[in-house]
Amino acid sequence: MRHIISLLMENESGALSRVAGLFSARGYNIESLTVAATEDPTLSRMTIVTSGSEAVIEQIIKQLNKLIDVVKVLDLNDGKFIERELMLVKVKATGAFREEMKRMCDIFRGRIIDVADGSFTIELTGSGNKLDAFIESLDKAAILETVRTGASGIGRGDRILKV
Amino acid sequence: MEQSSKQFTGAEILIRCLHEENVEFVFGYPGGAVLNIYDAIFHQDKFKHILVRHEQAALHAADAYSRSTGKVGVALVTSGPGATNAVTGIATAYMDSIPMVIISGQVPTYAIGEDAFQECDTVGITRPCVKHNFLVKDVKDIAATMKKAFYVASSGRPGPVLVDIPKDITAHLCAFEYPETVQLRSYSPVTKGHLGQIKKALKLLAEAKRPMVYSGGGVVLGDASAHLIKLIQALDIPITSTLMGLGGFPASDKHFLGMLGMHGTYEANMAMQECDVLLAVGARFDDRVIGNTEHFLSNPRTIIHIDIDPSSISKRVKIDVPIVGDVKSVLADMNDLIAAEKPAQNTVALAAWFKQIKAWRGKNCLSFAQSTEFIKPQYVIQKLHEVTKGEAFVTSDVGQHQMWAAQYYPFDKPRRWINSGGLGTMGVGLPYAMGVQFAHPEAQVACVTGEGSIQMNIQELSTCLQYHLPIKVILLNNRYLGMVRQWQEFFYENRYSESYMESLPDFVKLAEAYGHVGMRIENPRDVDGALVEAFSPKLKDRFVFMNFLTDQKENVFPMIPGGKGLSVMILAENL
């Protein structure tokens with residue numbers, strides 16, 4: 001099953017490679033991994049999207065907790081949470097495509113953030129599924145380039161991951 | 001204030017940190033990046049630096065110093081090849097959870113990343129095989145980093161911690177103040193076990209019809225031996241041990257069923273398979289211990305697991321009653337509960353269980369056919385036990401001789417049996433013996449080895465000469481990589497691919513060339529006399545290298561073939 005794991009770790013060089021190294025060394029899946037400093041510059045927050053049986057997920061959480069640089073780990077799937085991902089898509093915008101792209105972008109509540117003679121760049125935010133759906137609904141020939149950030153997640157309501 | 005205003009070089013600060021940690025020995029090898037540190041060592045005499053002949057041996061010696069004392073082992077190596085040579089030793093310690101601090105030199109900060117001479121990404125290379133590592137980028141951070149390194153290495157589930165220090169940092173100046181305490185917001189190992197879980201565990205054990213205890217290296221590392229003995233005696237239940245746990249419970253006690261696992265005893269493996277309540281203490285259900293997991297689980301039993309590392313629990317086998325905590329503290333709580341509550345036990349069922357165990361013991365699975373023609377390796381170990389009165393520290397390398405030492409030298413005390421269980425590193429035996437002998441200068445130290453393993457760190461004969469280490473090497477020389485040969489015999493239809501050791505040196509002359517005593521023993525009737533002589537007062541202060549030419553075709557039994565279940569044992573042909 002797909003799990004989203006959030007963690008806080010020391011914002012030190014090498015901390016990211018400890019986490020990435022753990023996943024490759026123990027053969028765990030990483031679907032995506034995002035990391036950036038938090039409002040407290042000594043801490044980084046990471047969101048890892050992974051998948052595995054309940055036993056594997058349990059091991060992943062334990063192994064992450066074992067890393068000395070990791071301060072706190074939360075399996076977001078243990079409760080209610082929100083997941084968002086950002087995608088930038090550069091699409092062909094010539095002739096009939098130009099109007100079509102504008103319309104698709106509106107339907108998915110994206111924004112056109114760059115307009116060029118032959119192309120638009122669309123910014124879209126949402127769950128991974130929504131971004132997938134957008135890609136699928138476009139004519140494959142129209143897609144010039146895509147870039148996705150990977151998912152970020154946060155617990156709903158008073159589920160808070162903080163030191 | 002006066003003290004804190006005085007300026008020291010990074011190298012001097014590092015040495016002072018080692019003094020603050022009461023380090024007795026630093027095992028190391030100098031080189032360009034650590035010259036400042038070696039100069040600071042030259043100016044001090046609080047700890048002794050031991051010069052090895054290869055960095056790998058420095059790591060193993062420091063590791064064995066730790067295994068035999070419980071203190072943190074310290075090694076010092078230079079950058080680049082010094083660090084890469086150390087990696088096998090670090091990984092060996094990591095797999096067996098040995099507390100160590102390794103200091104490695106690094107090229108100057110301004111040269112990092114430029115492929116400088118003797119540069120390697122030491123922190124990157126060692127990351128997967130250390131508990132933690134640090135790159136010190138500022139002289140002001142040395143003291144705090146060293147404090148953290150010793151704390152992390154020795155607390156929780158212990159392990160090696162590496163501190164990489166660039167050369168320019170060791171020359172920079174700053175004041176020295178060693179932090180008194182260390183607090184890491186991201187690291188606070190649990191020590192006390194959950195009392196509710198402990199009560200539940202005790203109830204299960206008391207009510208069990210076929211209880212069994214399985215103890216591992218955690219009992220030795222956690223100095224929990226006395227508490228374990230008390231528990232077993234109070235409950236009067238059987239116990240087995242892993243390779244790493246040997247000595248944690250006295251082998252001569254009637255409750256002890258011998259080692260379990262791939263080359264464990266028939267009674268230990270059968271009892272492990274057939275028990276209805278299993279208490280695992282500081283052990284990790286390793287593949288060499290429980291064999292095939294599905295087969296192991298095919299017999300339902302309730303499993304209680306005490307371990308300081310939560311990730312060891314339910315890793316390979318689902319645990320019914322997990323108890324995260326320091327084994328010593330948890331066992332002490334259990335013993336207190338037993339004393340207070342005196343739980344009623346199922347004595348009728350227990351008697352039947354011991355009767356069954358007695359029947360399994362009756363197989364006498366470690367018996368072997370003596371020979372007048374060939375020296376039996378098992379006999380050499382038995383005799384070694386007799387001659388040393390079971391009091392020796394025994395180190396071993398990896399292979400058949402390691403299993404024979406584990407099977408035929410019953411250990412009654414912890415920290416006496418020193419070997420590489422997890423990583424299975426050939427070549428550890430001699431440097432292990434060095435580390436033990438430094439820690440226990442008056443003790444008898446025997447290194448049981450094979451002709452394959454001993455040649456992997458044979459250069460250390462020179463270190464043993466320099467420091468006059470009176471180690472006794474027991475070489476069980478069968479002219480084969482014995483364990484490889486055994487598997488080839490059983491599973492590859494006798495195709496002995498590259499497992500024959502040709503062109504062996506004359507070990508007697510070799511030992512003599514290094515200034516040691518060499519012996520060659522070919523005849524079974526000379527075994528007793530040779531061992532008595534080697535351990536006699538006459539040779540008490542000498543390093544003795546005993547080359548026993550043993551039966552080439554001897555195999556280690558019992559044996560569970562790889563991937564098979566615990567009760568699927570191959571026994572010796574005479575059984």
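The values are calculated or read from the model by the stated rules, or taken from the named source; none is laboratory data. Please read these numbers as outputs of a predicted model, since none were measured by experiment. A quick note on method: Cβ atoms are made from the backbone with ideal geometry, for glycine too, and the neighbour counts reach across all protein chains shown.
General remarks:
- Of everything in the range B:194-204 that is in contact with an Asp or Glu (Cβ under 9 Å, 6 or more places away or on another chain) and crowded, with 19+ Cβ neighbours inside 10 Å, the residue that is farthest from the other protein chains (Cβ to nearest Cβ) is B:Leu202.
- When B:Ile471, B:Ile458, B:Ile521 are screened for being in contact with a Cys (Cβ under 8 Å, 6 or more places away or on another chain) and either at pLDDT 95 or above or closer than 22 Å to B:Val394 by Cβ (or both), only B:Ile471 passes.
- Those helices (runs of 4 or more DSSP H) of the range B:1-91 in which at least 1 residues are within 25 Å of B:Gln459 (Cβ to Cβ), considering only elements entirely within it, cover B:35-42, B:55-69.
Every residue, every condition in (1) assigned to a strand (DSSP E or B); (2) of a type in the set (Asp, Glu), yes or no:
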| residue | (1), (2) |
| --- | --- |
| A:His3 | yes, no |
| A:Leu7 | yes, no |
| A:Leu16 | no, no |
| A:Phe23 | no, no |
| A:Gly27 | no, no |
| A:Arg45 | yes, no |
| A:Glu58 | no, yes |
| A:Ile82 | yes, no |
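- The test for being at pLDDT 95 or above and either in contact with a Pro (Cβ under 7 Å, 6 or more places away or on another chain) or exposed (fewer than 14 other Cβ atoms within 10 Å of the Cβ) (or both) does not hold for A:Ile112.
- Qualifying position, being hydrophobic (A, V, I, L, M, F, W, C) and under 23 Å from B:Ser312 (Cβ atoms), among A:Ile48, A:Ile4, A:Ile82: A:Ile48
- Going through (1) at pLDDT 95 or above; (2) more than 16 Å from A:Gly150 (Cβ to Cβ) one by one, A:Phe97 falls short only on (1).
- The lone criterion from (1) surrounded by fewer than 19 Cβ atoms within 10 Å (Cβ to Cβ); (2) closer than 20 Å to A:Glu10 by Cα; (3) more than 11 Å from chain A (Cβ to nearest Cβ); (4) in contact (Cβ under 8 Å) with a residue 24 or more places away in the chain left unmet by B:Pro179 is number (2).
- Taken as a whole, the range B:309-316 holds no residue that is within 14 Å of chain A (Cβ to nearest Cβ), touching a strand residue (DSSP E or B) at 6+ places or on another chain (Cβ under 7 Å), under 21 Å from B:Lys209 (Cβ atoms) and not hydroxyl-bearing (Ser, Thr, Tyr).
- Verdict on B:Thr347 being within 14 Å of chain A (Cβ to nearest Cβ), over 15 Å from B:His194 (Cα atoms), surrounded by fewer than 24 Cβ atoms within 10 Å (Cβ to Cβ) and out of contact with any helix residue (DSSP H, G or I) (no Cβ under 7 Å at 6 or more places or on another chain): no
- Note on the range B:382-403: residues that are in contact with a helix residue (DSSP H, G or I) (Cβ under 6 Å, 6 or more places away or on another chain) and either of a type outside the set (A, V, I, L, M, F, W, C) or under 16 Å from B:Gln552 (Cα atoms) (or both) total 7.
- Matching entry among B:Thr191, B:Thr240 (being in contact with a Phe, Trp or Tyr (Cβ under 6 Å, 6 or more places away or on another chain) and either within 14 Å of another protein chain (Cβ to nearest Cβ) or of a type outside the set (Asp, Glu) (or both)): B:Thr240
- Subset tally (residues that are under 26 Å from B:Ser155 (Cβ atoms) and more than 8 Å from chain B (Cβ to nearest Cβ)) for the range A:21-66: 11
- Of residues in the range B:132-149 being of a type outside the set (A, V, I, L, M), surrounded by fewer than 24 Cβ atoms within 10 Å (Cβ to Cβ) and closer than 30 Å to B:Gly218 by Cα, the one nearest to the other protein chains (Cβ to nearest Cβ): B:His132
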